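Heads up: the structure comes next, in structure tokens.
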Protein chains: 4
Amino acid sequence: MSMNSFGHFFRVTTWGESHGPALGATVDGCPPGVAIDEAMIQHWLDKRKPGQNKFTTQRREPDQVKILSGVFEGQTTGTPVQLMIENTDQRSKDYGDIMDKFRPGHADITYWQKYGIRDYRGGGRSSARETASRVAAGGLARQAIKQIAPNVQITGYMVQMGPRKIDRTNFDWAQIEQNPFWTPDAAAAEDWATYLDDLRKSGNSVGAVVEVVARGVPAGIGAPVYAKLDTDLAAAMMSINAVKGVEIGEGMAAAELTGEANADEIFMGQNGPQYSSNHAGGILGGISTGQDLVVRFAVKPTSSILTTRKTITKSGEETEIITKGRHDPCVGIRAVPVGEAMMACVILDHLLLHRGQIGESRGRIG
Amino acid sequence: MSMNSFGHFFRVTTWGESHGPALGATVDGCPPGVAIDEAMIQHWLDKRKPGQNKFTTQRREPDQVKILSGVFEGQTTGTPVQLMIENTDQRSKDYGDIMDKFRPGHADITYWQKYGIRDYRGGGRSSARETASRVAAGGLARQAIKQIAPNVQITGYMVQMGPRKIDRTNFDWAQIEQNPFWTPDAAAAEDWATYLDDLRKSGNSVGAVVEVVARGVPAGIGAPVYAKLDTDLAAAMMSINAVKGVEIGEGMAAAELTGEANADEIFMGQNGPQYSSNHAGGILGGISTGQDLVVRFAVKPTSSILTTRKTITKSGEETEIITKGRHDPCVGIRAVPVGEAMMACVILDHLLLHRGQIGESRGRIG
Amino acid sequence: MSMNSFGHFFRVTTWGESHGPALGATVDGCPPGVAIDEAMIQHWLDKRKPGQNKFTTQRREPDQVKILSGVFEGQTTGTPVQLMIENTDQRSKDYGDIMDKFRPGHADITYWQKYGIRDYRGGGRSSARETASRVAAGGLARQAIKQIAPNVQITGYMVQMGPRKIDRTNFDWAQIEQNPFWTPDAAAAEDWATYLDDLRKSGNSVGAVVEVVARGVPAGIGAPVYAKLDTDLAAAMMSINAVKGVEIGEGMAAAELTGEANADEIFMGQNGPQYSSNHAGGILGGISTGQDLVVRFAVKPTSSILTTRKTITKSGEETEIITKGRHDPCVGIRAVPVGEAMMACVILDHLLLHRGQIGESRGRIG
Amino acid sequence: MSMNSFGHFFRVTTWGESHGPALGATVDGCPPGVAIDEAMIQHWLDKRKPGQNKFTTQRREPDQVKILSGVFEGQTTGTPVQLMIENTDQRSKDYGDIMDKFRPGHADITYWQKYGIRDYRGGGRSSARETASRVAAGGLARQAIKQIAPNVQITGYMVQMGPRKIDRTNFDWAQIEQNPFWTPDAAAAEDWATYLDDLRKSGNSVGAVVEVVARGVPAGIGAPVYAKLDTDLAAAMMSINAVKGVEIGEGMAAAELTGEANADEIFMGQNGPQYSSNHAGGILGGISTGQDLVVRFAVKPTSSILTTRKTITKSGEETEIITKGRHDPCVGIRAVPVGEAMMACVILDHLLLHRGQIGESRGRIG
């Protein structure tokens, strides 16, 4: 049991605070012999890195990952991989009244109530900066997946910013890398740019919905009853800072369907079963069907805003606070690579679990 | 690691299949000295029991729980509690073509692809009958919670059936036990009765949304980063059969809010902090605020319907299927006590985790 | 985390007390498609069963195992296997002063100090009766091992009773099943029969050393650093009631050797590496060498004896006690099948772990 | 599940190799508010540090620990503590034929067979250098124990070198810090100095037995059945490199005793129960009695010796090897602080487990 770990077999433990000397991920259970391309791990970290454009926080962090163990001569050894990212932007600053006041919407007050410790330096352990460790671990997971299930492709993108959703008829995979919002709808990207710029200038923020899809996942991974693939995906996504809802396939809208409308009918394709639709999001009974895995999650608006909000101090006095600083007007943007990383970790974990218990998929059809 | 267990400290492992001799829950980590009222555990099981009215399956199961261990002279001993429920309705029947055909929307095909085993008797391990074990474990958890945090009250109810949502202005706690849908809106209950009766007669089914609220949860339980209270609640609810989405507090709608609208402002009450609103659903940074814990989940429509659907056989031939039998037209109804049970297990688990690491809440305010 | 579970992947949770309605093992992580021969599981249980001859307790228990889940049409399904053994000998008896007095050498006093519960019925959870659950789980493990590593053979035997050790020059595998002590030395068996009969008649008891050997274990299973094969074997054996010491290979005597004497030199055989000796007991760096796995453990003498011993009561008064009842004069005898069962569980667990992380042994020699 | 972690609640994951950039321990579950004296953690590390005198390896490592997370303003925060030790002595050297030959008694061959990776740099992950991470984690555990059970005192010492045992009538706690062997018998220290010097000069090595005692441990910590205090201690000690046997209390010699001789009789002292003896080593039924916890373990002789030994190469050719380099003639010496560290981690873990499940010891006597 570790409160800062996830994964059954491919087990990731993250550590570190926003403004400590470093943070990182200790990863156990990685298969040996995986060729490691450090530049690719760095590529995913750069995608999450702050300060890329005006729509993300202007904090400057190189987010350079160092591999301290578990890799020898370019290959994983099968022993723990330590991925460390040093914090360079720890500039001594005046934390002012934040040392005593709790920022509404932040974990300041609950950490205090739980631990009796107030790490006022940028949120400490509760900072979204922790997600850099996840992205590093996810980069490792992606490379290990290639060894075991080379057809898996994981892609995240934004489908909603505030009340503005994408138009699915505009969906174009090629667009995702072409705009600062990782959205497949070019028209939405244009619209959101204006919308978010206005919000940003007014010191406000907004929420978002991110969708992550994994294609090429073999049928048969997952497990009953509490290690279901959807359970683990829900936990993985909900554990990301600021996430308030998670959906698999049809998600909350499944409530509105009849059984007739919801059933994905089954046909026989050339390479195995095919389905008429994917309301299930690629999972039946906690186990993958071989269809696309489809997960969505909602990210709440950044709680750090320039509007004055009412709050209290550690000594219980009522007061007001404005959270100045360098913040993301829509933290959902930077949640895209984090969601991808969590998806990669969950898939690798279940590939290993499956191989351990069963060896290979056992029930062939046709 | 166990794929059929949940909880870090209060650890529940369920076992058993729909039509085997028995099913149950092996529960470890329960505090000693908890007074056990078997009739109350049975009470929760009866709430979930099939055949209570025309809106649930007509399968007849007494769902009588037997405590085989861990309780002595009416008190828990601190050692594992074995809760067993015998299956009485295992009537030998003609399973017919279901032995070879995969039912769309069910786990038949994925279990086959994973395990190479086809337990055609009512879904085997993937049957929602497994949730009886959860309700028994939840009944135990509720009694242990009383010992540690006596003010906790857990209540589940339906807030949506198909596209029909309750009117929150009608919300009345007292109504919940007054109708077969466990809904706090008496008008909705009436409307749903007609709606569901029509669906049932046509052999169709429909989804639902269930909300579970826990009041009186002390501030400070939960933990960063992967054992967050919201992470564990999301996992617990998503692990229930047929659930496709989970929300905490504002849920998916959090995406639509601005930071200004979403911030729950903090005031000082007589007994500690008070909040202007509860968009957060009682959790900040994975740790409880002391406000109501609010979780919602969507249940997809029962996949067993009387409409002919296309499917394939184990040997890969295309065919059709009608899933006859005794089924729930809206399985969301019986998911209400299951959601409550999962909430109870998660809360007890985190109360014990907190006490283990910290002893008691450490940071006092005011 | 469960305090009553062991195994990483093949995860066994035992439950039940000496005089409750039943006890058993909930086993998760078993591979699917394992052919289950219930008679063989019963065979191992019968080996441990009390009342077989005058050298074991005269309590009469049929120890009939029932499989309640996880097996369908004679094969494991890959879901949890529930193995239940009902207690038939729960005769209502006068527990007399044992309800208040703590038996020296027993767990009565520590359970009371920990839990504040005094389950005076034969030791409750701390009774060696719990080991029946282990033997049942071990029987399942043996059958699963056959599927994955069919050459594995596990054999336990006694090598010492009280101060009387076997003569290793008399070692004969065929003798083990020929005497009530499961010893490979026929002369020792004869000697021990007289020795133990005298002890038994005088109401005294004595300790023993059991050795368990696994032949045919493939090289490469095990793992650094805390899931070492020797670590897990040490934990497995030390968790058996009354065990006070565990040795791998040379064991405690390794302290007396020089590096020159201890090194097992390596040669090349027809089917891979061969060793000049096996001081290591088949494990280097926590990983199997392919040689025989050799584990030994010491069992303390039964604490229930007919000699008056000084003790105290729950209220702290000094008093005396004689532990009447049906006891084993040398509980080490019945520990033999228990040690075998633990060996089987550990080996299967590591076979699955290895397959999960690596797929197959990767480094070929020659 | 992590193969490189131990502890249920106070969970330590070590990472790193002998000659990589760094190694360390990621520690989760530490209580918040523990005052951290870094100098004391360094003190324990210095005790294990190589090159202290002619009886330990001459490798020069400062073993300077850096705390990268989980401590703020001198106190633990309750979030993961990252303890890192950089390797400074990674001098580029000619590994020569060791790259292809397997050193007998080392894990070279089994790591190769398992992982297909040959980290020839000083044993890689299998090096005893890993134990530095344990000592750092143990230093943290000791400081947390002070907060919860301030009377606990943990002391390790050598009781046997090769065939030469201490004379227990010479036992003097004050002597332990006075000689390079951490032995309480001054006469033995003198004898061993000559004995070991001769062995060292001849390029040979020898085994040892280490005893670790914890005084002041409260009664009632531990748990049935697989999280027994003795089980966890056995696992903790057996997981240390080169350990081949573990004993609790009477240990292997318990086999030789009769029940009459072995029973520790119970009396009533002023502050609770007292015992006539401590054959049990402070544990009954897996739970502490309040007596001294007594654990012993045997360390095999260092396998790196200057005598030529027969071995094979990766390609299966028979050859010979001499393991030159800087080695410990009796690695048992440096195992003393490692054993202490493991004892500290296990005790803290069980203090937290106990507090979580029960709050405080429940059953008072008298």
For C:Ser202 paired with B:Glu190, estimate the spin-label separation in nm (one decimal), with each label point 7 Å from Cα along the Cα-to-Cβ line.
8.9 nm
Which residue, D:Gly216, D:Gly282, D:Gly339, has the most motion in a Gaussian network model of chain D that connects Cα atoms within less than 10 Å?
D:Gly216
Amide H to amide H, which residues 5 or more places from D:Met268 or on other chains are under 5 Å from it, using H placed in the peptide plane?
D:Gln274
Chain B, dipole about Cα centre (Lys/Arg Cβ +1, Asp/Glu Cβ -1), debye to the nearest 20
880 debye
Please list, in chain and number order, the residues 5+ apart from A:Val331 or on another chain whose amide H is under 5 Å from its amide H, with Hs placed from the backbone.
A:Val206, A:Thr302
Inter-copy spacing of B:Ala35 label points, which lie 7 Å from Cα along Cα→Cβ, given in nm from shortest upward
4.3, 5.6, 6.8
Neighbour cut-off at most 14 other Cβ (10 Å), DSSP loop, GluC sites (Glu not before Pro), segment D:234-339:
D:Glu317
Taking a 23 Å limit on the Cα-Cα distance, which of the listed pairs C:Lys165/C:Lys324; D:Lys49/D:Lys300; A:Lys244/B:Lys244; B:Lys47/B:Lys146; A:Lys228/D:Lys228; C:Lys228/C:Lys300 fall beyond it?
C:Lys165/C:Lys324; A:Lys228/D:Lys228; C:Lys228/C:Lys300
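Mind checking the per residue accessible area of chain A for me, 1.4 Å probe, whole number of Å²?
Ligands and nucleic acids excluded, the result is 31 Å² per residue.
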For the protein assembly as shown, what does the helix formula give at 222 nm: sum of -39500 (n - 2.57) over DSSP H segments with n ≥ 4, over the residue count, nearest 500 deg cm²/dmol?
-8000 deg cm²/dmol
In the C-onto-B rotation, chain C's nearest residue to the axis by C-beta, with distance in whole Å, turns out to be C:Thr26, 2
If I compute solvent accessible area with a 1.4 Å probe over the protein chains, what percent of it on the protein assembly as shown is carbon and sulfur?
46 percent
When all Cα-Cα pair distances of segment A:5-358 are considered, the percent exceeding 39 Å is 17 percent
1/(1 + (r/R0)^6) with r = Cβ-Cβ of B:Ser276 and C:Gln153, R0 = 60 Å, i.e. FRET efficiency to nearest 0.05, evaluates to 0.30
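Do any GluC sites (Glu not before Pro) in segment C:1-99 lie in a DSSP loop with no more than 13 other beta carbon atoms within 10 Å, and if so, which?
Working: sites: C:Glu17, C:Glu38, C:Glu73, C:Glu86; in loops: C:Glu17, C:Glu73.
Loop-located and lightly packed - C:Glu73.
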Between C:Ala149 and the same site in the other copies, what are the distances in nm, shortest first, taking label points 7 Å from Cα along the C-beta direction?
2.7, 3.6, 4.5
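Would you please classify the overall shape of segment D:220-320 from the alpha carbon gyration tensor, given that a ≥ b ≥ c denote the square roots of the eigenvalues, rounded means a/c under 1.5, and beyond that prolate means a/b larger than b/c while oblate covers the rest? It would help to have the intermediate numbers written out before the result.
Details: a/c = 3.65, a/b = 2.72, b/c = 1.34.
Since a/c reaches 1.5 and a/b is larger than b/c, the shape of segment D:220-320 is classed as prolate.
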If the convex hull of the alpha-carbon atoms of segment C:138-190 is projected onto planes in all directions, what is the mean projected area in square nanometres?
4.6 nm²
In a Gaussian network model over chain C where Cα atoms closer than 10 Å are linked, find which of C:Ala39, C:Ala227, C:Ala25 has the largest mean-square fluctuation.
C:Ala39
Please go through segment D:43-90 and write out the trypsin sites (Lys or Arg not before Pro) that DSSP classes as loop and that have at most 13 other C-beta atoms within 10 Å.
D:Lys54, D:Arg60
With the label point 7 Å along the Cα-to-beta-carbon line of B:Asn53 and a cut-off under 18 Å to each amide N, the hits in segment B:131-156 are B:156
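Give me the percent relative contact order of chain A, please, defined on Cα pairs under 8 angstrom at least 6 residues apart.
On the way: 747 pairs, mean separation 80.2, N = 366.
Reported relative contact order: 22 percent.
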On a 0 to 90° scale, report how tilted helix B:229-238 is relative to the longest principal axis of chain B, with both axes built from alpha carbons and the result rounded to the nearest 10.
10 degrees
In a GNM of chain D with a 10 Å cut-off on Cα contacts, which of D:Ala344, D:Ala280, D:Ala22 has the highest mean-square fluctuation?
D:Ala22
P(r) for the protein assembly as shown, please, calculated from all Cα pair distances in 10 Å bins and given in %.
1, 9, 17, 22, 21, 16, 9, 3, 1, 0
Can you give the extra length, in nm with one decimal, that the chain gains between B:Gln64 and B:Thr319 once fully stretched, where that is 0.36 nm per residue apart less the Cα-Cα distance?
87.9 nm
At B:Pro180, label 7 Å along Cα→Cβ: distances to the other copies, nm, ascending?
5.6, 6.6, 8.6
Scan around A:Ser69 for amide H atoms under 5 Å from its own, H built in the peptide plane at 1.01 Å from N, and keep only partners 5 or more places away or cross-chain.
A:Gln82
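The values are calculated or read from the model by the stated rules, or taken from the named source; none is laboratory data. Small disclaimer: the values here were computed from a predicted structure and weren't measured. Reconstructed Cβ throughout: ideal geometry from the backbone, glycine too, with neighbour counts over all protein chains shown. Keep in mind that these areas ignore ligands, DNA and RNA; they rest on the heavy atoms of the full protein, side chains included. Shrake-Rupley method; radii C 1.70, N 1.55, O 1.52, S 1.80 Å.
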